[in-house]
Structure formats: structure tokens, C-alpha cells
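See below for the structure under consideration.
The values are calculated or read from the model by the stated rules, or taken from the named source; none is laboratory data. Everything numeric in this text was worked out from a predicted model, so none of it was measured. No Cβ is skipped: glycine too gets one built from the backbone with ideal geometry, and neighbour counts run over all protein chains shown. Calculation scope for accessible area: heavy atoms of the full protein, side chains included, ligands and nucleic acids excluded. Shrake-Rupley method; radii C 1.70, N 1.55, O 1.52, S 1.80 Å.
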Amino acid sequence: MVRLGIIGLGAQGSFYANFIEAGRVDRMTVGAICDVDQSKQARADELGVPFFTDYLEMLDSGAVDAVVTTVPHYLHPEMGIAALSRGIPVLIEKPAGVYTKQVEELFDYADQHPDVTFAIMFNQRTNPLYVDLKALIDSGELGQLRHTSWIITTWWRPQAYYDQSEWRATWGGEGGGVLVNQAPHQLDLWQWLCGSPERCFARLGFGFQRDIVTEDEVNAVVDFGGGASGHFLTSTNDLISTDRLEILFDRGKVVVDNSAKVTIYRLVDDERAISDRTTPEDVRLMFTGQTDPTSFYSVEEKEYTSVWGEQHCQVLSNFAAAILDGAPLIAQGREGIRGVRLANAMQLSAWTDRDIDLVNFPAEEYLTELNRRIAEEGKFAQRD
């Protein structure tokens with residue numbers, strides 16, 4: 001059994017404790033709980049495990065075999081490095097951090113300790129829908145990527161949500177808005193499925209519809225190279241909400257609605273080949289509605305359901321299996337850099353009104369711009 005130390009017993013940390021207590025996580029038990037709020041000791045007492053207010057004391061206590069960091073985003077790298085330095089496996093929550101330089105330091109440290117299990121909680125990678133879609137894309141059946149678009153606005157947040165904590169939706173406390181709080185899973189999935197973009201240009205609304213300083217609406221265009229492009233739209237002010245992912249390939253198209261229904265269009269041939277053999281008479285028939293669509297493509301529809309919390313439990317079970325048996329991780333910790341870098345690029349593009357290179361990302365420039373905004377807030381210490 002892996003004795004898991006939970007650092008931060010907020011909503012997410014409590015979920016994990018409950019999952020483990022209920023026996024939903026294979027070969028894992030709660031080893032200890034750490035939280036700066038002394039009142040959380042009551043839950044540790046219920047579980048019969050030690051309680052700490054200092055995570056370093058927990059790491060040095062011998063009470064845990066591994067830890068998960070369910071704490072504010074800025075703390076993930078710091079706590080990850082502290083655990084790795086002691087040879088303690090760590091599962092960091094998403095996002096891996098707030099700014100690229102900070103996350104790169106964590107990953108460089110992890111590279112120096114390759115024998116210590118280092119994972120990230122990208123639980124959406126266990127969603128059967130995206131697992132199947134990833135396999136289909138990787139098979140090459142649909143050909144090369146042409147373009148993709150994800151509109152994801154399913155997290156409406158009223159002003160009261162932001163007003164409940166001084167650190168929420170601040171540059172110094174949270175490190176951003178929708179890109180670092182609500183959208184990290186989609187930023188990860190988008191790149192997991194389609195590949196890492198090479199360039200990015202974005203327009204962000206900072207306090208567009210809410211009294212906050214960070215982004216509550218994002219419109220970004222990315223370049224995947226080779227002519228392939230993408231568009232990402234997210235916001236926290238759409239009460240109706242949309243979740244629609246489209247991916248176009250040379251030989252087909254995939255449409256995902258509400259992360260539950262997938263429609264797969266398979267062309268009978270490469271689209272260019274179909275275009276090249278289409279005659280003027282074929283065009284006339286098409287424009288007059290006399291063409292049978294099935295002569296061009298087939299359609300397959302799939303619907304998926306998932307049990308709430310099951311994906312998180314799978315990641316936790318996989319984390320335990322990696323520690324005990326060396327099983328491959330669902331998501332290596334290092335993979336967390338891609339989403340952080342893309343979010344940073346979107347913000348930097350909006351701040352500077354220019355196209356941002358993701359291959360050679362200007363991490364120092366981003367940190368300078370971030371610190372400028374932290375200083376303007378006047379509430380939090382600047383970062384280094």
C-alpha cells in the first residue's frame with residue numbers, strides 16, 4: 001500500500017481523501033494530512049492519521065510514501081521539488097505551476113531524480129471518450145491535421161465566486177483567470193490530441209464581464225506548423241455555455257459535443273483527391289442538392305458516460321501502480337509544461353499585441369510582464 005500525504009485539504013484534497021477512504025483507489029491509503037488551517041485536523045482524526053500544518057514536517061515525518069499537492073497553483077513547483085529532493089514520489093495537481101520558468105525549474109529538478117515517480121493529475125486523459133479519440137488520431141486513419149477549434153465556456157462564474165477569496169483571479173495570488181483555473185484540462189487535451197502548437201496569437205478580455213484583473217474571456221489562434229491551425233475560445237461569462245471540439249483532417253473530421261458525444265466523419269478518399277476528380281457536372285449536382293453525401297463520407301456517432309470521480313481515482317491508482325510496480329504513468333509530470341506554456345503565450349500575446357513563439361518561448365519576458373501586474377495589484381510578492 002502507498003501511504004499518500006495530502007497537502008491541502010480543500011475541496012479537491014477532501015475528494016481524494018474520501019475516494020481513498022471509500023476504497024475506490026487501488027493499493028492506496030491516506031498516510032497523513034497537511035493544511036495551514038488547524039481545523040482540518042478533525043478530518044485527520046476521523047481517518048486516524050497524523051496532521052501537520054507544515055508540509056516539510058510531513059515530508060520528513062516518515063508517515064507518507066508519496067504526496068499530492070492540492071494547493072494554490074504557485075505552490076505546486078515548490079512542493080514538488082521539496083518532495084523529489086527527499087526521494088518522495090509526487091503527484092502535482094493541474095496546472096503544474098503558473099509561469100513557464102517556474103515549471104521548467106521543477107522539471108529540471110525532476111530530471112535529476114529520474115527514479116522518483118513524478119506525475120500530474122490530468123484525469124481527463126482517462127476519459128474513455130478522449131482515450132478512444134486519441135487512439136483514432138494516432139492510428140493515422142484520418143490523415144494529417146488541417147485545423148481544429150475548441151469552444152469551451154461551460155464554467156460560468158458570477159461575481160460572488162470571485163469575491164469569496166482575495167487571492168482568486170489575481171496575478172499575485174492565482175496567477176491568472178480562466179486559463180489557469182478552469183481551462184488547464186482542455187489546454188492539455190487539445191495538445192495531447194492535436195500536437196503542440198508552434199506559435200500563438202491571442203486577444204484576452206481582462207475583467208471583461210467581471211470585476212477582476214485577470215482574464216475572463218480568451219480568443220486565441222495557434223499555428224501547429226505545416227499549415228495546420230487552431231482556435232481556442234473560453235470564458236467564464238457565458239450562462240448558456242458551449243463545449244464543442246472540432247478537428248479536421250485530410251481524410252475526415254471529428255466533432256465532440258459536451259465532452260459526451262463524438263461524431264466521426266470518414267471520407268472515402270483524401271479530400272484533395274476527391275476535389276481533383278470532381279467534374280463541373282458533379283459541382284452542379286452538388287449545388288442543386290442532388291448529391292448523396294454518403295458518396296463522399298460515412299458517419300459514426302458514439303455517446304459516452306462516466307462516473308463522477310472515477311477518472312481521478314484511476315490516476316491515483318495508476319500513481320500507486322507506478323510507485324509499487326513501475327507501471328507507465330497516465331501523465332508524466334513533465335507533460336504539464338505544455339499547458340502552462342500555452343496559457344502564458346496567450347496572456348503574453350494579449351499583453352504585447354504580437355505573435356508568440358512557443359518553440360523558443362520567452363519565459364523571462366513573460367515573468368517580467370507578470371511581475372509588473374503583480375506590482376500594480378500591490379497585494380502579493382513578486383516572483384522570481
Straight-line reach from Lys302: which lysines have a Cα under 16 Å away, not including same-chain ones fewer than 8 places off?
-> Lys134, Lys253, Lys261
To the nearest 10 degrees, how steeply does helix 11-21 sit against the main Cα axis of the chain, on a 0 to 90 scale?
-> 80 degrees
How about Lys40: which aspartates and glutamates have a C-alpha closer than 19 Å to its C-alpha, ignoring those fewer than 8 places off in the same chain?
-> Glu21, Asp54, Glu57
Given 4 °C, 1.567 mPa s and a Kirkwood radius over Cα pairs, the Stokes-Einstein diffusion coefficient of region 219-289 in µm²/s is 85 µm²/s
What does the accessible area per residue of the chain come to in Å², with a 1.4 Å probe and no ligands, DNA or RNA counted?
-> 44 Å²
Which of the peptides 325-336, 145-156 is most tightly packed, and how do the rest follow, judged by the mean count of other Cβ atoms within 10 Å per residue?
-> 145-156, 325-336
Of Phe296, Phe52, Phe122, the one that fluctuates the most in a GNM where the chain has Cα springs shorter than 10 Å = Phe296
Please report, to one decimal in angstroms, the Kirkwood hydrodynamic radius of region 248-306 built from all distinct Cα-Cα pairs.
-> 13.0 Å
Compute the acute angle (0 to 90°) between the alpha-carbon long axis of helix 100-111 and the principal axis of greatest extent of the alpha-carbon atoms of the chain; round to the nearest 10°.
-> 70 degrees
On average over all directions, what projected area in square nanometres does region 107-246 have, based on the convex hull of its Cα atoms?
-> 10.7 nm²
May I ask you to give the percent of accessible area on region 7-149 that is carbon plus sulfur, with a probe radius of 1.4 Å?
-> 48 percent
Apply the Debye scattering formula to the chain, with a single equal point scatterer on each alpha-carbon and no solvent, then give log10 I(q)/I(0) at q = 0.07, 0.13 Å⁻¹.
-> -0.36, -1.13
Give me the number: length gained by fully extending Asn258 to Thr288, i.e. 0.36 nm times residue separation minus the C-alpha to C-alpha distance, one decimal in nm.
-> 7.5 nm
Cα gyration tensor shape for region 1-44, rounded if a/c is under 1.5, else prolate or oblate | prolate
If you average 1/r over every pair of different alpha-carbon atoms in region 1-155 and take one over that average, what Kirkwood value in Å do you get?
-> 17.2 Å
Which percent of Cα pairs goes in each bin when the distances of region 74-136 are cut into 5 angstrom slices starting at zero?
-> 4, 18, 25, 19, 13, 11, 9, 1, 0
